[in-house]
Each structure stands twice: as structure tokens, then as C-alpha cells.
1. With label points built 7 Å along Cα→Cβ from the Cα atoms of Asp317 and Leu55, find their separation and express it in nm.
2. Would you calculate the separation in nanometres between label points at Val502 and Glu73, each defined as 7 Å from the Cα along the Cα-to-beta-carbon direction?
3. What are the extents of the Cα atoms of the stretch 7-140 along their three principal axes, listed from largest to smallest and rounded to whole Å?
4. Kirkwood-based Rg over Rh for the stretch 401-470 (C-alpha set), two decimals?
5. For the residue pair Arg192 and Ser443, what label-to-label distance in nm results when each label sits 7 Å from Cα along the Cα-to-beta-carbon direction?
6. What is the Cα centroid distance between the stretch 310-328 and the stretch 61-117, reported in whole angstrom?
7. Could you please rank Met389, Met326, placing first whichever residue has the fewest other Cβ atoms within 10 Å of its Cβ?
8. What percent antiparallel are the DSSP beta bridges of the stretch 355-582, to the nearest 5?
Amino acid sequence: MRVQETGAFDHYARLVRRLLDVPVGLVSLVEPERQVFHGASGLPPEVDAARETPLTHSFCQYVVADAAPLVVEDARRDDRLRSNLAIRDLGVVAYAGWPLRDASGEVVGSLCAIDTEPRSWTEDEVATLADLAAACTAELVAHSNRDRTMAALRSAEQLGERSRVLLNLSTGLGSTETLADVVTAVARVSTRHLGCERAGIWLRPADRVVGHLGRPPATADERSTETLHFQEDADSSWLSAATFAVLPLDESNPLGTALLTGRGVYYGDRATQNGEHPHLANPHQLGEARAFVPLRAGDVDYGAMALVWPGTRSFSDEDRVTIAAMASYTAQALQRATLHQERLDVALTLQQALLPRLPTPATLDLAGRYLPAAARAQVGGDWYDAVLMPSGATQLMIGDASGHDISAAARMGELRSMLRMAALSAEEHPAEALALLDDALLSLDVDTVASAVLGRLEPPAAPGGAHRLVWSNAGHPPPVVLDPSGRACLLDRGDPDLLLGVDPAQSRQEQEVLLEPGSVLLLVTDGLVERRDTCLSVGLARLREAAQQAAGRPLDDLLDHLLTVLVPEVPEDDIAVLAVRVRP
């Protein structure tokens, strides 16, 4: 692989930094006299420019030599590593590296997380690194296959049919992330370069994979319960024209036969197929010639692929080799997409579990939004909450716990519950409630730092009157009020108090303001208003402007407008927003 083709692997290095919260993440491949960083995030500029070091500065060489993970809390205390120059010149202290393998299964490098301070790696962190390394290995194999294909093409005087197909397929699959992406790429290449009328993929349920090709389920009853589920591509007409969207995983159909036997099943025309499987014949069958091939990567059977041609054909040995290679490429892409989807599913499940159910006070409308960082791939420590008190007042909360990983999200859930209890104990005094939370963090040894705003919104003394808002700010971006005339202003009276979890002895202050009917209160986290290239004041000004543009809209429309205008295409940080409207 050429060093300049590193974009995909920089992504894995960035994921290591974010998910493990380390200064440096690397995709390092070890050569006889050097290590080359095919992916890097957090390196000093001069090292990042070179993208390599001699082996005198390499911990990854030991991952390759041992063909096993290397996890070290403090390299300066390790007999094998203490003399490594990476400690002195690059500041490497704590190290966790997981093996990366090539297409033959040989360890060629490592995906590693580096810290400049001693660190005790948790089981969850090591497991996350292992998951990322599995996906990165699949990426390495795909790039290696593509490079070999392209090298062969450059050396040939003319492009053969197989080379053209595989080149286009490897290029198309190189940027896929989801199952739908894979299916779309396969369908496009099959129709454009193989002359197929349709191409489709049937997948096995993730919890019922076959360990070895050719080994069917233990009993006939068990076999009958397994199914192959159709994965639809962009052209839904394939699904409507397919014989079945769900097929049993047995030899009653060609897809099941291909997967159970581990061999491709080929028919020169549909009459031959229907002669073997009469129950599949129907007036809506497409095309004539058809091929069904299993999709397998490593020890996992992901399903089977079907290719249909409009006319009859005789499948040559070259055709079968090409189709088998297509299946291999596709299975590797499915492996990457499955790993990617698993991480998205975990993030989405956790996100949904942590979202609060907002109350419905008699005089208020409430709406909230939460967006994880990196387009749903990474949850974090931001949260919002609202609780209706027995007195009729509404406690409003928003906060941001340190960290950008699933552990941070778990700490966030703990903080949110603790703040609810503190707000109940000191209902009339938000500053006192935050102080109680600060004391609890120390007493219960909760190791986290967080910003938060806690506000108490009291109902009016008389119908149609103003609501009194009393709030306390612990190092958080200030609230924004959109008044009934549509003018937005910041509630930033003085500097915010100290962050939670820093010094419980510090006193906390309260502020108050009256909110007239028709006013909207916005509580946001810094992910909405803070960017690396601009200061917070600029982001808050943009928030005020965007809020004024949407003045008078329903709360859900207002929040949609704010997220559309202010959030980048790929959010760098997670975002929480809580909006409260005093009903006119």
C-alpha cells in the first residue's frame, strides 16, 4: 500500500483518540528497518509530516514479533521497553496496541493508543481497541486487494473482463460503510460491467452464523428456523420481482444451497432452476441465466449473493473465477459494514436509553434534542433534563460531563440522576443543589468534571403573568432568551461559577430574571456553539442570530432550524439543546 493513500486509516486513528480519550492514535505497519504510520492522529507536526520512524522508536514491532496485543501502563517500568527512544523523543509512556493482519492472516502492524502519562487501561478500552482493529484489518485487506488488482492492470496491455469488474468493484466498495452502501455498489458494478439485469444480497441473522462452510445446522428442525433476509438496494423493483424476500436456509432454494455447501450454484436459464426447484417458478421471474454464491469473510458466513442476466449464457471457468472473486470482495465489505453498524447500534441504543421524557407543565412547552458526535457514531457526556416539582415549579437542567465515549455517557447518566436528587433536596435554590452535587461527587468518589446549568422556573403568581427563572451556572455556556418580540439575548450576568467536580468548597451564586408570556428559553451545550477555529462568543452570537430567524415557530421547528444552521455536517462534539416556551 502506498503511504499517500492514508485517508481511510487516519479515520481509525482519530476514532482511537476519541473513543479511548488518548493524545495519540496510530495505524502502524512494521517493515524490516522502520515503522510507517498509514494512519495517525495527534503526532507532533514533524513526525506527522514524515509518517515514519526507525524501529528504535517503535513499540509496535513487539506486537508484530509476538503476534499478540501489547498493553503497558508505564513503558518506563517495562524491562523490554524502558530503553526505547520513543519514550525520550516522542513522550510515549502508556501504550495499548492490537495486531493488524494482512490478507494471509499474518500480523503486519498494530492499531495503537498512546498516552503521555501512566495509564491503567480498562477492559472496555481494550475491547474497543480490538473492535476497531478488526475493522481496520478488513480495510487493510481491501486496500491490499485493490492495490494488487491495480498493479496487475497497469502491467497488462489490455484490461480483461475480470480485471475491469474487480477494479470497479474494489473502487466502489472502498468507501462503503453501511450494508445499503455495499448492496448499491455490488448492484451498480454487476449491471454496468457484468451485464446483469439485477443483483441482490441475502443476509443471515447476525446471531446465527455458520462456523464452517458446508456444515449445516445440527437438526432439520433447527435448520428450518433459519432464514436468509433480503437486503434491498436503491432499486426496489428487485424486491417486488424477487420470488421471496425471506428464504429458508436449506437446500430448497439456490441461495440456501450455496451458503450451506460453500459453492456457487449456476443456471444457464431459469427453466433449469425451476426444474430443480418447481416451487420457485412464478410469472414474475426476472431474466434467464443466474448465479448464486456464498459470502464469507474469515470464519463468518454473512449470506449469499444472487446475479441475474437478461439472457441465457454458459458460465465459463473465467466467469466463475470472476464471480467468486466478487463474492470475496463483497464479503469483506460486509464484514466492515457489520462492524460499523454494530458500533452505530450501540451508540443509538445508549442514546435512546439516556434521553429523558420531558414533563408537560400547564403553562410551558418543552422540547429537546441530542446529537452524538461524528454523525451518530460516538455518544458523549452531554445531557438535558426537566423535572416538574411538587410545588408546580419546573427544574431545568443541562450539562456536559468530561469525555467523548460510552463511559462518558454512563457518567453523564449518573450525574443526571444525582442532580435530580439534589434538585429535590434544595428545590428553591439551584446554587445549593449544585453545591450538594459537588459534595456528592467527592463523597462518592465519582471521578469526573462537568459543566451544568440548573434553573428553577416558577409559575406566575396570576394567570397570564411572568414566570420567574432562578438559575445557577457551573462553568457552562449561558442560557439564551428569545423574548416575545423575537429579540434574543444572553443570560450571562457575570462569570459562571467553577465546574462541578473541581472544588466543592467554592461558593456558588444565583441569578434571576422574569420571562414574559411568549418568551423562549434555550439551554445548549458547547457542541452547538463552540468550534476549533472560533471563540465561544462568536458561536453564541450565531446562536442568537439563528434563534431570531426562527422566532415565532413551534419549538420543534425552532430546534430543527438551530441544528440545521449551526451544526456542521460531521459534528466534532455531541450536542444537547433544551427549549422552553412560556405559553402566551
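Derivation of every value follows stated rules applied to the coordinates shown; laboratory data play no part. Small disclaimer: the values here were computed from a predicted structure and weren't measured. Please note: Cβ atoms are built from the backbone with ideal geometry, for glycine as well, and neighbour counts cover all protein chains shown.
1. So the two model labels end up 4.2 nm from each other.
2. Taking the simple label geometry, Val502 and Glu73 are separated by 3.0 nm.
3. 34, 33, 29
4. Values: Rg = 14.8 Å, Rh = 13.4 Å.
With Rh from the inverse mean 1/r over Cα pairs, Rg/Rh is 1.10.
5. Using points 7 Å along Cα→Cβ, the separation is 6.6 nm.
6. What the calculation gives is 44 Å, centre to centre.
7. Working: Met389 17, Met326 27.
Listing Met389, Met326 from fewest to most nearby Cβ atoms yields Met389, Met326.
8. Working: 49 of 50 bridges.
So the antiparallel bridges amount to about 100 percent of the total.
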